[in-house]
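The values are calculated or read from the model by the stated rules, or taken from the named source; none is laboratory data. None of the values given here were measured: they were computed from a predicted structure. We work out accessible area using only protein heavy atoms, side chains counted, and drop any ligands, DNA or RNA first. Shrake-Rupley method; radii C 1.70, N 1.55, O 1.52, S 1.80 Å.
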Amino acid sequence: MLTILIVSLSGCICAPLSGTSPTIVPTLTVTPGPSTAPVPPTISPIPSLNTGTQIIWKLPSGDGRLVVKNQVIGQDAVIILAPVSDPKSAVLAVYVKGEHEWTVDGIPDGQYVLYDMIGTNWDDTNKSFLHTSEYAKFDSTLNFYTTATESKVYTVTLSGAAGGVDGLSTAIDPGDVPSLAR
């Protein structure tokens, strides 16, 4: 809390004791000024999307399901699917906040390459993170199929340990991730 004080000095003349000259003794008067409530610092929110936001959806409807578990603390992820026949063309991109889980329903039969980007400060104009800690490509393709009795469900857990540490994905250059720009 900020308090402003107004201080004024005045004096009084004290009667002299016998044989001395008069002295001036200062007195202090304090007048409280207007006070203001504390102002909290302004902190800009970190740009982010809601979990489940579809950045790209260029797929017909299907019965496949992809469960994404983002276990990375403090960083968000974008999961990207591209067909094996054209691995640089994203057909699905979904945003998942750190420590969140999301299920993508409706993936049609087909073989897909799975990529992820993990980072902070989402730039919606460029469809990328301003601060990216991981670009990865999963080592196995996802083969979604539907039969009369079942449809394929994949579960992907993101730990932020690309580059062979998790044994499931490989770190890649940013230019190797399919573009999310429309």
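Below are the figures for this structure:
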| quantity | calculated |
| --- | --- |
| Karplus 3J(HN,Hα) series, Hz, for the stretch 175-180 with 6.51 cos²θ - 1.76 cosθ + 1.60 (x for Gly, Pro) | x, 8, 8, x, 5, 9 |
| Average accessible area per residue (Å²) across the stretch 85-167 - probe 1.4 Å, nucleic acids and ligands excluded | 49 |
| Placed amide H near PHE129: partners under 5 Å, 5+ positions off or other chain | ASP123 |
| Histogram of C-alpha separations across the stretch 51-182, 10 Å bin width, % | 13, 48, 33, 5, 0 |
| Lys pairs, the stretch 70-182 - Cα-Cα below 23 angstrom, 8 or more residues apart or on other chains | 6 |
| Estimated vicinal HN-Hα couplings, Hz - the stretch 43-53 in sequence order (Karplus 6.51, -1.76, 1.60; Gly, Pro = x) | 10, 6, x, 6, x, 7, 10, 6, 4, x, 4 |
| Amide hydrogen neighbours beyond the local backbone of LYS97, cut-off 5 Å, H modeled | THR51, GLY52, ALA77 |
| Karplus (6.51, -1.76, 1.60) ³J(HN,Hα), θ = phi - 60°, over the stretch 147-157, in Hz, Gly and Pro reported as x | 10, 5, 10, 8, 9, 6, 10, 10, 10, 10, 10 |
